[in-house]
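Here's the structure, in structure tokens; my notes come after.
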Ligand SMILES: [Zn+2]
């Protein structure tokens, strides 16, 4: 924490700090919107989560936090992929554009959003899509263990769950649980770290400490990394799977691999099949 921030924390009451933070955030948004208005020809990038055009995206601080993120996994991928306003990554922008295409489905659906992400929540709010949020550790409406939610069968039309399965003890149990609480014909939208060098899954029960996980899986709380055929885990439990692939989306959202080399930016759309007959919802 810098000296100014430290002094401000000591001298300013909490409510004033909140007002100042709100002011700074909104000043930044106005500044970016104004720039886009004045120099539209220079704005080659677009963030559909916050709806703002940019001259460039920015880099995260992953390489500066080597105890949390393995810097080697960030060496050979593009780093300036983060939206400077809503912090959306390529995968969030891909999901936002997919959601634009399926807005009517989402607007009428009962949605459960595991580990809600700020940039997508922003898109939802802007587009009149509502959801119930869930998380075991972070702030959310429901405190749920994704491996055993305690929710009734067939409870939700749509479940969104990005980059959660690499953290849980038993991801197969969690996927089965998602399938159970989705209504027949419902949609499971999910993504996870996918390493192009891995075919299906890299997991090792002997990798237990934070240091070992950091070295092997790229982050100190990742228990595994998935491979390019990881959609197999969804089809095995009864989902019909469609890939939401970054390469099918426009360059202006910068749907490239990154920031880590296991961020392949492929999302999966798992449709719960009822019995043997397919219930398509699109
Ligand atoms: Zn944004």
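Here are the numbers for the structure shown:
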{"read-out": "Residue check for residue 88: within 16 Å of the ligand (Cβ to nearest atom), at negative phi and surrounded by fewer than 18 Cβ atoms within 10 Å (Cβ to Cβ)", "value": "no"}
{"read-out": "Condition check for residue 67: more than 24 Å from residue 135 (Cβ to Cβ) and either touching a residue at least 12 places away in the same chain (Cβ under 8 Å) or loosely packed, with under 12 Cβ neighbours inside 10 Å (or both)", "value": "no"}
{"read-out": "Index of the failed condition, residue 114 passing every other in (1) away from the ligand (no atom under 16 Å from the Cβ); (2) over 24 Å from residue 260 (Cα atoms)", "value": "(2)"}
{"read-out": "Yes/no for residue 194 being in contact with a strand residue (DSSP E or B) (Cβ under 6 Å, 6 or more places away or on another chain) and within 30 Å of residue 84 (Cα to Cα)", "value": "yes"}
{"read-out": "Enumeration of residues in the stretch 33-64 that are within 16 Å of the ligand (Cβ to nearest atom), closer than 21 Å to residue 263 by Cα and without any contact (Cβ under 8 Å) to a residue 60 or more places away in the chain", "value": "56, 58"}
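Only the coordinates and a few stated rules stand behind these numbers; no lab work does. Keep in mind that this is a model prediction, so the values were computed, not measured. Glycine gets a Cβ as well: all are built from the backbone with ideal geometry, and neighbour counts include every protein chain shown.
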